Amino acid sequence: MLQKMLEKDRKRLRRKVHIRKRISGTTERPRMTVTKSNRSISVQIIDDSKGHTLACASTLEKDLKNIKATVAGAAQLGEIMGKRLLEKNIKTVVFDRNGYLYHGIVKALADGTRKAGIEF
């Protein structure tokens, strides 16, 4: 069991490195990265040229504690992130799925952000 979990994590990290070779956030088009666990989901908007986090949203925040780490919760978190980006006048981002497969929670989060009006 432990060996299977380690292998799964190793494959995700390999995908992550492969993706990050090609994707980089700029001031005009920052990188939107997703991190998920069984209990929480978090999203960060990062300007890699300066090394700054421009915005973030997480289910661990006090006012977002009621959002669960499910597909519906990810869509809701994506809409909240989209609103925060529009407040900061960011309309386009580069999506970094962080080695996770574009399926389920990651896809719902991306669709929720698109629904809020962000392009990527």
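The values are calculated or read from the model by the stated rules, or taken from the named source; none is laboratory data. Since the structure is predicted, the reported quantities are computational estimates derived from the model, not experimental observations. Cβ coordinates were reconstructed from backbone atoms using ideal geometry, including for glycine residues, and neighbour counts include every protein chain displayed.
Summary table below
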read-out: Residue match in segment 69-79 (condition: hydrophobic (A, V, I, L, M, F, W, C), at pLDDT 95 or above, more than 22 Å from LYS16 (Cβ to Cβ) and part of a helix (DSSP H, G or I)); value: yes
read-out: Of all residues making up segment 86-110, the number that are crowded, with 17+ Cβ neighbours inside 10 Å and within 13 Å of the chain's Cα centre (by Cα); value: 14
read-out: Condition check for GLY112: outside any helix (DSSP H, G or I) and out of contact with any His (no Cβ under 7 Å at 6 or more places or on another chain); value: no
read-out: Those residues of segment 86-106 which are touching a helix residue (DSSP H, G or I) at 6+ places or on another chain (Cβ under 8 Å) and free of Cβ contacts under 8 Å to residues at least 60 places away in the same chain, in sequence order; value: LYS91, TYR102, GLY104
read-out: Single match in LYS107, LYS83 (criterion: assigned to a helix (DSSP H, G or I) and either closer than 15 Å to ILE41 by Cα or small (Gly, Ala, Ser) (or both)); value: LYS107
read-out: Filter result for the condition that a residue is farther than 21 Å from ILE118 by Cα and not acidic (Asp, Glu), over LYS88, LYS8, LYS83; value: LYS8
read-out: Selection count where residues are hydroxyl-bearing (Ser, Thr, Tyr) and assigned to a loop (DSSP other than H, G, I, E, B), scope segment 21-48; value: 5
read-out: Residues satisfying the stated conditions in segment 8-34, i.e. farther than 28 Å from GLY73 by Cα and either of a type in the set (D, E, K, R) or surrounded by 14 or more Cβ atoms within 10 Å (Cβ to Cβ) (or both); value: LYS21, ARG22, GLU28
read-out: Residues that are in contact (Cβ under 8 Å) with a residue 24 or more places away in the chain and either within 26 Å of ALA69 (Cα to Cα) or loosely packed, with under 15 Cβ neighbours inside 10 Å (or both), drawn from segment 35-49; value: THR35, LYS36, SER37, ASN38, ARG39, SER40, ILE41, VAL43, ILE45, SER49
